[in-house]
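Worksheet for the structure shown next.
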Amino acid sequence: MTLVSINSTVAYFSMEICLEQAVPTYSGGLGVLAGDTLRSAADLGVPMVGITLLHRKGYFEQHLDAAGAQTEQPVTWQPDEILDLLPVSAIVQIEGRPVRVRAWRYIIRGVSGHEVPVFLLDTAVPENTPWDQTLTDYLYGGDSHYRLCQEVVLGMGGAAILRALGYNGELHYHLNEGHSALLTLCLLEWQLDGRARFELDEGDLDAVRRRVVFTTHTPVPAGHDKFPIDMVRHVLGADQVGVLESAKCIDEGTLNLTHLALRLSRFVNGVAMKHREVSQGMFPRYPINSITNGVHASTWTSPAFQSLFDRRIPEWRADNYYLRYAIGVPLQEIRQAHADAKHVLLDEIKARSGTELDPKVFTIGFARRATPYKRADLVISNPERLLQIADAIGPIQIVFGGKAHPHDVGGKELVRRIHEASLKLADAVKIVYVENYEMEIAAKMVAGVDLWLNNPMKPLEASGTSGMKAALNGVPSLSVLDGWWIEGHIEGVTGWSIGTSSAEGDQSKDASDLFLKLERVILPLFYGLPFAYAEVMRSAIALNGSFFNTQRMVEQYVRNAYFPAASMVEETVA
Ligand SMILES: *Cc1c(COP(=O)(O)O)cnc(C)c1O
């Protein structure tokens, strides 16, 4: 493999990147994916750097009061205890003011020592106005004007910082979601190099496109940033809006960052095969490719399974494809590693909430951003039915987690309803809502439950990744056939489906299907045929852990997006 000899660097731009628990610069799936991508790039020796914002006040810390109402607190952390402040800075223009941007560095070291630096941009510099100093404080906080200014810092400030750091040559840019698309405005200006903007032609646009790859992440229209042109003119100034207009990147009085990214990228992809199809329908004018998401294998594998894999398939860390050979690991060892991971989770839950769960009881896990389309409450939508199943077949306990965005009223209502159900079901079906779902508790949850549940409304799940983390730990999924599960699901082999692949999401049908699968298939297997259940666990690792990881994913980005075969030959020969 020629990965290391490719003599150009990929700059990976993302509004959020999950680096480690102590660095609160992410809110959920997008940030975890970004961190996992960079960790795998480091493992593979891909020349890559990450760019994000410092997020001095983080996302937020979630607490639930006695009634299950979510309250939020800013996170405080000390960047200088973890990051290195670099002796470079750059200037971006916001509302006609020069705003100085500086950068902190975090280094990710791969399995064989290759380093991927991540640059976290920071405007809290005394020479900036007090308001400009807040621009790198809150992740997804503030109003849309604040967001636009942040996106100027991320896209344009990021490009300028990379120049200041000396990355002048063969940079390729990967926009992880549209938030950083203003980077392309910077590239257009560099391409103009002082010429008048009306001289921009298709050749110039192509020169920019040759450098840019774009990954779109959500089929939910509200997930795509749009700004009215008056606001854009106020923030960027008439000249820069003129450049965007000359490049035909303003539609009907709106700057849509997804459209900007689509227009100025040479390769665009969705994050699962189905998501490609849905995105192609949303953006018929652009060819959309598919590269299915993954997770960083060693980050999301519990210590118990890490040591089992180290013993049985030691190659797995450097090359995740070896996880295929988990199929030969004795079932008793799978069961033992899982029992260890389950103890770790139950101990953590007891320490956090005081609730004691029973290690012998079938435990369902559900955790993701609390927002209505993910339907966290589906499994508690019919408490009588759940009780009846538990009585007839065997006891059930459920662990929930996930933050609602502070403005997401429906999401907060979901959390409250689950809390209410936990009081109502009390000891009959124990339910715990784990507060402040973050990287460390997520790793314990995906490894320590017996079944990972996922039931979003179709087709709104772009990919989903927590089920992939569960698979690495031998935890099968029960999920609607959307996102990655369409690809990862083999009924009764890697887990189970709710509903069929063709049907549209239907709340009551999905709920009855979910209960039916638990009652007729999953619980009887778990309680009646534990070694058959362990076989499903083992196949989840061998078939899905070996594929739905970011090592395979980054290799696909390298081959299909960054350095497609022809240019790879050129670049390695040159
Ligand atoms: C993996 C992860 C997510 C994303 O999970 P999805 O299944 O993709 O929704 C969100 N938050 C945390 C803390 C995670 O670890």
Length gained, HIS145-MET273, 0.36 nm per residue minus C-alpha separation, equals 42.7 nm
Percent of all Cα-Cα pairs per 10 Å bin for region 319-456, counting from 0 up to the last occupied bin, reads 11, 39, 33, 14, 3
Around LEU453 (Cβ within 12 Å, Cβ-to-Cβ, excluding LEU453; K/R +1, D/E -1) the net charge comes to +1
Relative contact order of region 458-514 (C-alpha contacts under 8 Å, at least 6 apart) in percent is 32
Relative to the compact-globule estimate 2.2 N^0.38 Å (N residues), the Cα gyration radius of the chain stands at a ratio of 0.97
As straight-line cross-link partners of LYS226, the qualifying aspartates and glutamates (C-alpha separation under 12 Å, not fewer than 8 residues apart within one chain) are GLU151, ASP251, GLU252
Restricting to aspartates and glutamates and to Cα separations under 12 Å from LYS444, and discarding same-chain partners fewer than 8 apart, the set is ASP340, ASP347, GLU348
Scoring region 297-548 by relative contact order with C-alpha pairs under 8 Å, at least six apart, yields a percentage of 24
Note: region 18-100 at 10 °C, 1.306 mPa s; Kirkwood Rh on alpha carbon pairs; Stokes-Einstein D in µm²/s works out to 102
So ARG233 and MET282, fully extended at 0.36 nm per residue minus their Cα-Cα distance, gain in nm 14.9 nm
Using alpha-carbon coordinates alone, the radius of gyration and Dmax of region 430-471 in Å work out to 11.5, 31
Of all C-alpha pairs within region 297-548, those more than 28 angstrom apart amount in percent to 27
Averaged over all viewing directions, the convex hull of the alpha carbons in region 400-449 casts a projected area in nm² of 3.8
For LYS458, the lysines lying under 16 Å Cα to Cα, once residues fewer than eight places off in the same chain are dropped, come out as LYS274, LYS374, LYS509
Nearest-0.05 FRET efficiency for ASP427 and ASP319 at R0 = 56 Å, using Cβ-Cβ distance, is 0.75
Env charge @ MET439, Cβ radius under 11 Å, K,R +1 / D,E -1, value -2
Computed over the chain, the relative contact order (Cα-Cα under 8 Å, seq sep at least six) in percent reads 15
Sorted list, accessible surface of protein heavy atoms, 1.4 Å probe, largest first, for HIS63, HIS174 is HIS63, HIS174
Neighbours of ARG263 by Cβ distance under 13 Å: Lys/Arg at +1, Asp/Glu at -1, summed charge -1
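The values are calculated or read from the model by the stated rules, or taken from the named source; none is laboratory data. These numbers come from a predicted model, not from an experiment. Neighbour counts run over all protein chains shown; Cβ positions are idealised from the backbone, glycine included. To get the accessible areas, we keep the full protein, side chains included, count just its heavy atoms, and leave off ligands, DNA and RNA. Shrake-Rupley method; radii C 1.70, N 1.55, O 1.52, S 1.80 Å.
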